[in-house]
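Below is one structure, written out as structure tokens; the observations come after it.
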Amino acid sequence: MSGTAVTMVNVQVDGEWKQFPKGMRLIEACMQSGKFIPHYCYHPKLSSPGNCRMCLVELGMPKMTPDRKSVLGEDGRPELSWSPRPVISCATEVSEGMGVRTSSPLVEECRNGVMEFLLINHPLDCPICDKAGECRLQEFSVEFGKGESRLLEEKVKKPKRVDIGERIVLDDERCIMCSRCIRFMQEIAKDDVLGFLNRGSHTTLAVYPGKRLDSNYSLNTVDICPVGALTSKDFRFKMRVWFLKETKSIDVTCGTGSNIVISSRENIVRRITPRENDAVNSCWMPDSHRLNFHYLHSDDRLKEPAVRGLESPVAWKTALATAAEKLRGSRPEETAVIASARMTLEELFLVRRLAAALGVRNVDILPRPQKGDGFLVSDDGNPNTSGAKLLGLATGRLPEIAQAIEAGRVTKLVVLGEDAADCGISETALKSLDLLVAMGFLANKTTPHATVVLPSSAWAEKRGSMINVKGRLQRLNQAIQPPGQARDDWEILRDLIALLAGTNGLHSIEEVFRQVAAETPALQGLTLSRIGDLGIQL
Amino acid sequence: MSALHPTPHPKERRIIFENISKPGYAADIDTYIANGGYESLKKAVTMKPSEIIDAVKAANLRGRGGAGFPCGTKWSFIKYDDGKPHYIVVNGDESEPGTFKDRYILHQDPHQLIEGLAISAFATNTRLAYIYIRCEFPHAAKIVWKAIQEAKARGFIGKNLLGSGFDLDIYVHQGAGAYICGEETALLESLEGKRAYPRIKPPYFPAVLGLYMKPTIVNNVETLCHVKHILRIGAAEYARMGTPGDGGTRTMCVSGDVMRPGIYEFPCGAVTIRELIFDVCGGLKPGRTLKAVIPGGSSAKIMRAGEVYKIKGKGPDGTMVDKDLPMLDVVMDASTLQSVGTMMGSAGVMVLDDSRDMVWALNNLNQFYAHESCGQCTPCREGSLWMSKMTTRMLDGGGRDKDPKTLQDIANNIAGRTICAFGEACSWPTQSFLAKFPEEFEKAARS
């Protein structure tokens with residue numbers, strides 16, 4: 001909006017005159033005025049088909065004199081002439097002198113009528129429906145429904161449990177034909193595979209013959225389905241949504257940093273859904289990313305620190321002391337640190353401190369170039385490359401380091417959040433190292449050869465910040481506790497640094513961020529809390 | 001037996017139907033030309049386009065498809081030189097129950113339509129026109145296609161028609177069998193190859209965002225035929241035939257319980273219901289009495305025999321007074337029918353005698369509308385089937401006390417709340433049958 005002049009128009013909302021930008025959808029003007037308009041088919045990011053009829057309101061237009069001037073009332077405002085026919089607020093644009101009534105008897109009657117119509121053929125299977133608890137039909141039934149059915153006949157029968165895609169199941173009886181999913185696939189995913197079959201009350205949502213709802217964005221249709229017609233195979237029958245704890249965070253599968261909600265219960269992540277952020281991912285996210293969380297609960301999680309030669313369990317103190325002991329006094333040229341651009345800014349900052357404490361120049365992150373999709377899958381498979389660059393850790397020295405290890409010139413290696421095997425280092429070379437310290441949350445090809453294993457936390461188990469490919473600083477939040485003895489990465493690094501270089505006075509993640517900000521001009525004046533839920537463009 | 005009586009009734013004036021069912025008259029172009037065909041088009045290309053539109057306006061021609069919108073006004077929404085392509089789409093999706101006039105034109109006198117269409121295209125700077133013919137008229141589609149080829153071969157359409165420098169191409173498009181395609185914006189969607197869902201208005205008024213989002217005129221078959229006659233007999237003369245608000249003649253389709261059902265053509269406002277049924281159509285079947293009339297296609301509100309309407313009219317001293325108007329004396333024209341709470345619509349007049357059960361009759365209509373609802377918007381999609389299920393149950397002896405009230409509520413919750421006029425079309429029968437014949441529904445509810 002900046003720079004371009006926006007024409008504002010005066011609109012009367014339930015008796016009060018307010019200003020809105022010309023062309024805004026009336027439903028949005030009402031909602032902006034705190035007047036909730038129930039709706040099904042309307043979605044802020046999609047076109048308005050006007051088919052559900054739930055958002056009907058009373059519309060007034062300025063009374064006109066014969067020479068087309070509006071008649072003004074005593075208050076100097078236009079007098080309105082109210083249309084006896086209700087209009088849909090989703091497809092009506094605000095214009096000068098317009099008036100709207102959002103809760104008149106006629107409006108209430110319209111809503112009651114639409115609710116009754118939508119419910120007569122809707123199966124009352126809420127007890128076994130995944131959408132229950134976050135279903136618009138259910139919500140609006142409470143508010144605008146009758147509480148009893150007047151339908152004495154049989155409901156319309158339609159296909160159930162239709163397998164329409166790799167990740168989605170369709171229940172046509174629950175569908176209220178709002179067409180949100182169809183429009184999403186046409187307008188956003190650009191993969192026009194959904195449509196309606198048949199007519200009237202027998203209208204049935206389906207995939208076109210020979211097509212499947214297999215787009216990497218298919219699960220967004222489940223999010224925007226106002227009822228339980230489209231359900232996610234991954235989440236189906238797993239958990240009642242009202243038991244889920246919601247944590248605002250960001251996706252770490254690629255450099256986009258889509259904003260997400262982590263839904264968890266009793267320390268288990270149950271699903272990931274996109275969280276609206278127009279500067280990043282709008283309301284959407286790729287299926288590949290939202291389903292990329294099951295490894296959080298895999299058997300490969302590292303749960304206890306380990307030291308080669310010592311019987312487990314090994315105390316954290318012992319593990320850290322062993323690592324520090326073996327690192328202390330080592331020559332910089334025989335030591336290397338491989339960090340990860342999947343680590344947070346705070347963690348990477350401490351990596352830089354660690355490298356400084358060791359005097360090591362052999363530091364780098366593992367880059368993850370990939371082919372993006374031009375939409376929300378970035379060309380960068382790392383979520384925090386920008387952060388690593390900002391801190392000077394993306395040195396490009398990794399091939400050189402790998403070579404030095406293979407050649408035996410580097411004999412001490414600290415691998416943080418990565419698998420050395422992915423960095424061009426052979427298993428033979430790993431075996432012949434004098435020291436291998438591995439910090440991470442999943443067992444990989446590096447861990448069996450590690451002298452010291454430091455189990456850390458995954459992205460859903462910790463706080464911190466990252467900078468996406470577009471230079472937006474965003475926050476991770478902790479949804480669940482790390483398993484077993486695993487600890488937060490920044491704490492592990494802090495303790496290791498303290499053992500090597502003395503106490504550093506860092507007691508909280510906020511303090512770490514403050515340190516990062518103090519030493520980084522681009523972050524001047526920022527604190528972790530100031531980043532906010534939607535992030536900050538640097 | 002033809003639907004058109006060989007001898008016109010004295011009240012009739014056949015312009016549109018002049019050649020329908022005429023012995024020796026064929027659908028080919030030679031017959032058409034021998035009967036004075038394409039003379040109006042020849043005249044039109046010598047006129048200024050604006051003069052043609054003015055003539056159509058002066059003729060008071062209203063659309064004959066059902067809504068009765070003034071034709072000249074519709075055309076003048078199209079800006080002649082706006083640099084955009086314009087389209088004219090002929091609505092030949094004649095599917096309102098009780099309406100069967102356009103089929104005779106399409107089958108027997110297609111050049112009449114092509115000539116009217118060419119004149120309207122010339123007047124509105126339209127180079128491409130489509131004739132949308134319902135799937136159930138496959139033979140008509142062939143006949144019209146052939147007529148288009150003939151007209152093209154003779155230079156009445158196509159490149160530089162009649163040496164005017166104006167080009168016009170016409171195509172026939174066949175529907176796939178949905179009543180909703182008679183709704184003009186659904187028709188446009190269908191023509192674009194999409195599912196026939198009516199568009200929301202605003203913003204998608206055909207004159208602004210029509211076919212392929214370009215200015216478009218959608219006219220009924222009969223309406224365009226009238227254009228030819230306006231130029232032939234002159235706008236003033238044409239207008240004089242009808243009433244002040246409704247010029248020219250109007251075709252009517254009479255079906256149901258009369259001795260001579262069929263198609264007729266009268267000057268607008270020339271006949272009352274009494275004259276139409278008892279005089280023109282030969283009265284009711286022996287021993288029967290009149291029960292009801294649906295005057296304008298199945299969606300028009302039903303009129304009960306014996307009703308007396310209160311209408312405003314001029315008294316002997318010229319002031320407006322309330323007048324009693326008995327049902328049989330209602331004049332069959334748009335404004336009178338509107339003033340008694342129903343409509344001229346597509347002029348499909350359905351006559352019901354005392355042998356008819358009103359619950360049965362309404363159920364018949366309800367089943368039609370439930371079957372034809374496109375299903376796009378909630379009230380009509382769900383309400384039309386619900387009403388149909390209810391009346392079916394009532395007929396089957398399963399009526400409940402609350403049924404009439406529930407039926408009424410359903411209809412009220414549809415009318416005025418939908419994307420297109422189908423909402424009214426499917427709820428007006430229920431509303432009017434319940435209002436006019438409450439005793440029959442109460443009886444069925446008690447069964």
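The values are calculated or read from the model by the stated rules, or taken from the named source; none is laboratory data. Source: prediction; values computed, not measured. Cβ sites come from the backbone with ideal geometry, for glycine too, and all protein chains shown count toward neighbours. Ligands, DNA and RNA are stripped out before the accessible areas are found, and what is left, the full protein with its side chains, is counted by its heavy atoms. Shrake-Rupley method; radii C 1.70, N 1.55, O 1.52, S 1.80 Å.
Below, the figures for the structure above:
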read-out: Matching residues in the stretch A:296-336 - criterion: being over 13 Å from residue A:486 (Cβ atoms), open to solvent by 30 Å² or more (accessible area, probe 1.4 Å) and of a type in the set (A, V, I, L, M, F, W, C); value: A:310, A:315, A:321
read-out: Residue satisfying all of: in the stretch A:178-203; at the interface with another protein chain (Cβ under 9 Å from one of its Cβ atoms) and not hydrophobic (A, V, I, L, M, F, W, C); farthest from residue B:383 (Cα to Cα) among these; value: A:195
read-out: The stretch A:432-476, subset farther than 17 Å from residue A:257 by Cα and among the small types (Gly, Ala, Ser), residue most open to solvent (accessible area, probe 1.4 Å); value: A:432
read-out: From the options A:280, A:261, residue that is outside any loop (DSSP other than H, G, I, E, B) and open to solvent by less than 40 Å² (accessible area, probe 1.4 Å); value: A:261
read-out: Residue list for the stretch A:493-504, filter: under 33 Å from the mean Cα position of the chain (by Cα) and within 20 Å of residue A:527 (Cα to Cα); value: A:494
read-out: Every residue from the stretch B:232-249 that is open to solvent by 10 Å² or more (accessible area, probe 1.4 Å) and closer than 19 Å to residue B:20 by Cβ; value: B:232, B:233, B:241
read-out: Residue within the stretch B:372-386 that is in a helix (DSSP H, G or I), over 22 Å from residue A:153 (Cα atoms) and at pLDDT 95 or above present; value: no
read-out: Residue tally, condition under 22 Å from residue B:415 (Cα atoms) and either surrounded by 22 or more Cβ atoms within 10 Å (Cβ to Cβ) or in contact with a Cys (Cβ under 7 Å, 6 or more places away or on another chain) (or both), over the stretch A:59-81; value: 0
read-out: Flag for residue B:56 being surrounded by 14 or more Cβ atoms within 10 Å (Cβ to Cβ) and within 22 Å of residue B:208 (Cβ to Cβ); value: yes
read-out: Count - residues of the stretch A:421-431 that are open to solvent by 80 Å² or more (accessible area, probe 1.4 Å) and of a type outside the set (Lys, Arg); value: 3
read-out: The stretch A:70-94 residues that are within 14 Å of another protein chain (Cβ to nearest Cβ) and touching a residue at least 12 places away in the same chain (Cβ under 8 Å), paired with ones that are among the charged types (D, E, K, R) and surrounded by fewer than 19 Cβ atoms within 10 Å (Cβ to Cβ) (beta carbon under 8 Å, 6 or more apart); value: A:93/A:22; A:94/A:22
read-out: Positions within the stretch A:141-172 being assigned to a loop (DSSP other than H, G, I, E, B), touching a residue at least 12 places away in the same chain (Cβ under 8 Å), surrounded by fewer than 18 Cβ atoms within 10 Å (Cβ to Cβ) and not hydrophobic (A, V, I, L, M, F, W, C), in sequence order; value: A:146, A:149, A:150, A:155, A:157, A:159, A:160, A:166
read-out: Matching strands (runs of 3 or more DSSP E) fully within the stretch B:274-346 where at least 2 residues are of a type outside the set (S, T, N, Q), open to solvent by 60 Å² or more (accessible area, probe 1.4 Å) and in contact (Cβ under 8 Å) with a residue 12 or more places away in the chain; value: B:308-314, B:320-326
read-out: Check on residue B:79, over 22 Å from residue B:254 (Cα atoms) and modelled with pLDDT of 95 or more; value: yes
read-out: Residue in the stretch A:105-137 that is nearest to the other protein chains (Cβ to nearest Cβ), counting only those that are more than 30 Å from residue B:399 (Cα to Cα) and surrounded by fewer than 19 Cβ atoms within 10 Å (Cβ to Cβ); value: A:105
read-out: Positions within the stretch A:350-371 being surrounded by 24 or more Cβ atoms within 10 Å (Cβ to Cβ) and either at pLDDT below 95 or not in a loop (DSSP other than H, G, I, E, B) (or both), in sequence order; value: A:350, A:351, A:358, A:363, A:365
read-out: Filter result (open to solvent by 90 Å² or more (accessible area, probe 1.4 Å) and without any contact (Cβ under 8 Å) to a residue 40 or more places away in the chain) within the stretch B:127-144; value: B:139, B:142
read-out: Selection count where residues are closer than 14 Å to residue B:219 by Cα and open to solvent by 10 Å² or more (accessible area, probe 1.4 Å), scope the stretch B:59-85; value: 13
read-out: Sole exception among (1) open to solvent by 10 Å² or more (accessible area, probe 1.4 Å); (2) closer than 24 Å to residue B:101 by Cα; (3) part of a helix (DSSP H, G or I) for residue B:352, by number; value: (3)
read-out: Per-region count, the stretch B:419-439, residues closer than 15 Å to residue B:381 by Cα, open to solvent by 50 Å² or more (accessible area, probe 1.4 Å) and either touching a helix residue (DSSP H, G or I) at 6+ places or on another chain (Cβ under 6 Å) or more than 14 Å from every other protein chain (Cβ to nearest Cβ) (or both); value: 0
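Yes or no, residue by residue, for (1) of a type in the set (S, T, N, Q); (2) more than 8 Å from chain A (Cβ to nearest Cβ); (3) open to solvent by 10 Å² or more (accessible area, probe 1.4 Å); (4) on the phi > 0 side of the Ramachandran plot:
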position: B:379; (1), (2), (3), (4): no, no, no, no
position: B:387; (1), (2), (3), (4): no, yes, no, no
position: B:397; (1), (2), (3), (4): no, yes, yes, yes
position: B:408; (1), (2), (3), (4): yes, yes, yes, no
position: B:417; (1), (2), (3), (4): no, no, yes, no
position: B:441; (1), (2), (3), (4): no, yes, no, no
